[in-house]
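S.K.: Below you will find the structure I want to go over with you.
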Amino acid sequence: MKPMPKHSADDAARRQRAEDYLKQQPPQPGSKAGASKSEADTQRLLHELQIRQIELEMQNEELQQATAKAELEREKFSDLYDFAPEGYLTLNPEGFISEVNLTCAKLLEIERSRLLQRRFGLFVAATDRPAFNRFLKNVFAEKTRESCDVSLLREGKPAVAVRMEAVMANSGRECRALVRDITELKRAEADRLILSKLESTGILAGGIAHDFNNILTAILGYSDLLIGQVDERQWMYKHLTEIRKAAAFAASTTHQLLACSRSHPRFLRAPQINESVNSRQKMHQRVNEEHTQNTTESNA
């Protein structure tokens, strides 16, 4: 006699529910308490068939519930996958697209149905294809998360800069890839680079203007001193006046450079008026001392 097959805990519980359900049913017509042995065997077989029928009905109901639950979960996953804020796609080792979400299709400005079973490399800019091919090869060779930045071609629109990240699936026959639009990030990096260059130019201009202003302070100081010691009728007076005008014009240009450098917190500040006055006074004093000394030596 063959041994009875082993039942799982779920099967045993289901059979117990079936038997309980059958006990609650009214007796079948024709069943008698004093039935013969043959009739008793028939009744046992009928009872067993009824139990199996109830079990199958229970299994069918459980299967329908599980199917409905799986369908609901699939719809939820489909919504999350299709309407995710970033692009997702599945690639095989040759780069053919087997799955792609709506966000990625919208990023490429092409219908999703037209993307399936096509090489993703066809949408990569020619200059970036070698980098993309290395990226895809490393994903399947290294079995680790890889990333690369490429430009994607779009129909009738400018190329879009994206960052791709991918990892090989457990099957080893495909990889899951994420595609993120980094156009704004690239633009922000370019703006930061321009701002950095402007700041460096401002610092350089401030330093040059500061040093140049010191030189002009000396020229203006000596010009004022000499103009004060020369008679207006002398030919030298006119030349000294022209020198002072040129120095004053150069000073105004220097102050414009200093104004440009003030946009950066590290700019070199321009000398204040008091500093310029003090410098000129010291210069006048030094020139007077030299003039007195030269006069004394000449008289001697």
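S.K.: G87 - would you say it is more than 17 Å from V160 (Cβ to Cβ) and surrounded by 17 or more Cβ atoms within 10 Å (Cβ to Cβ)?
M.R.: Working: more than 17 Å from V160 (Cβ to Cβ): no; surrounded by 17 or more Cβ atoms within 10 Å (Cβ to Cβ): yes.
Here the answer is no, as G87 does not meet what is asked.
S.K.: When residues of the range 169-186 are filtered for being open to solvent by 40 Å² or more (accessible area, probe 1.4 Å), under 19 Å from E86 (Cα atoms) and either part of a helix (DSSP H, G or I) or without any contact (Cβ under 8 Å) to a residue 60 or more places away in the chain (or both), how many remain?
M.R.: Looking only at the range 169-186, we keep the residues that are open to solvent by 40 Å² or more (accessible area, probe 1.4 Å), and these are 170-171, 173-174, 176, 180-181, 183-186.
Retained after the next criterion (residues that are under 19 Å from E86 (Cα atoms)): 176, 180-181, 183-186.
Imposing the further condition that a residue be either part of a helix (DSSP H, G or I) or without any contact (Cβ under 8 Å) to a residue 60 or more places away in the chain (or both) reduces the set to 183-186.
Summing the residues that are open to solvent by 40 Å² or more (accessible area, probe 1.4 Å), under 19 Å from E86 (Cα atoms) and either part of a helix (DSSP H, G or I) or without any contact (Cβ under 8 Å) to a residue 60 or more places away in the chain (or both) in the range 169-186 gives 4.
S.K.: Looking at (1) open to solvent by less than 20 Å² (accessible area, probe 1.4 Å); (2) closer than 26 Å to N170 by Cβ, find the lone condition where A125 falls short.
M.R.: Checking A125 against (1) open to solvent by less than 20 Å² (accessible area, probe 1.4 Å); (2) closer than 26 Å to N170 by Cβ, the one that fails is (2).
S.K.: Farther than 30 Å from V160 by Cβ, in a helix (DSSP H, G or I), open to solvent by less than 80 Å² (accessible area, probe 1.4 Å) and out of contact with any Cys (no Cβ under 9 Å at 6 or more places or on another chain), is that true of S196? Show your work before the answer.
M.R.: Numbers: farther than 30 Å from V160 by Cβ: no; in a helix (DSSP H, G or I): yes; open to solvent by less than 80 Å² (accessible area, probe 1.4 Å): yes; out of contact with any Cys (no Cβ under 9 Å at 6 or more places or on another chain): yes.
When the stated conditions are applied, S196 does not pass them.
S.K.: Among the residues of the range 140-158, is there at least one that is without any contact (Cβ under 8 Å) to a residue 24 or more places away in the chain and part of a helix (DSSP H, G or I)?
M.R.: Our first condition is that a residue be without any contact (Cβ under 8 Å) to a residue 24 or more places away in the chain; within the range 140-158, this holds for 141-142, 144-148, 158.
Of the ones still in play, those that are also part of a helix (DSSP H, G or I) are 141-142.
Checked against the condition, which is being without any contact (Cβ under 8 Å) to a residue 24 or more places away in the chain and part of a helix (DSSP H, G or I), the range 140-158 yields at least one hit.
S.K.: Hey, could you check the range 81-110 for residues that are of a type in the set (D, E) and at pLDDT 90 or above and say which is farthest from the chain's Cα centre (by Cα)? Can you show your working first?
M.R.: Within the range 81-110, the first condition is being of a type in the set (D, E), and the residues that meet it are 82, 86, 94, 99, 109.
Next, from what is left, pick out any that are at pLDDT 90 or above: 94, 99.
Numbers: E94: 27, E99: 23 Å.
Top of the filtered list is E94.
S.K.: Output the number of residues of the range 86-136 satisfying the condition of being in contact (Cβ under 8 Å) with a residue 40 or more places away in the chain and basic (K, R).
M.R.: 0
S.K.: Identify the single condition in (1) in contact with a helix residue (DSSP H, G or I) (Cβ under 9 Å, 6 or more places away or on another chain); (2) in a helix (DSSP H, G or I); (3) open to solvent by 20 Å² or more (accessible area, probe 1.4 Å) that P130 does not satisfy, given that it satisfies every other one.
M.R.: Result: P130 fails condition (1) only.
S.K.: Let me ask something additional. Checking the condition among the aromatic types (F, W, Y) and touching a Cys at 6+ places or on another chain (Cβ under 9 Å), which residue from F120, F132 passes? Reasoning before the result, please.
M.R.: Values: F120 fails: touching a Cys at 6+ places or on another chain (Cβ under 9 Å).
It is F132.
S.K.: For the range 146-162, which residues satisfy the criterion of being touching a helix residue (DSSP H, G or I) at 6+ places or on another chain (Cβ under 9 Å) and surrounded by fewer than 12 Cβ atoms within 10 Å (Cβ to Cβ)?
M.R.: Once the filter is applied, which keeps residues that are touching a helix residue (DSSP H, G or I) at 6+ places or on another chain (Cβ under 9 Å) and surrounded by fewer than 12 Cβ atoms within 10 Å (Cβ to Cβ), the range 146-162 yields only E155.
The values are calculated or read from the model by the stated rules, or taken from the named source; none is laboratory data. These figures come from a predicted structure and were not determined experimentally. So basically every Cβ, Gly included, is an ideal-geometry build from the backbone, and we count neighbours across all protein chains shown. The protein model used for the area step is the full one, side chains on, heavy atoms only, and it has no ligands, DNA or RNA in it. Shrake-Rupley method; radii C 1.70, N 1.55, O 1.52, S 1.80 Å.
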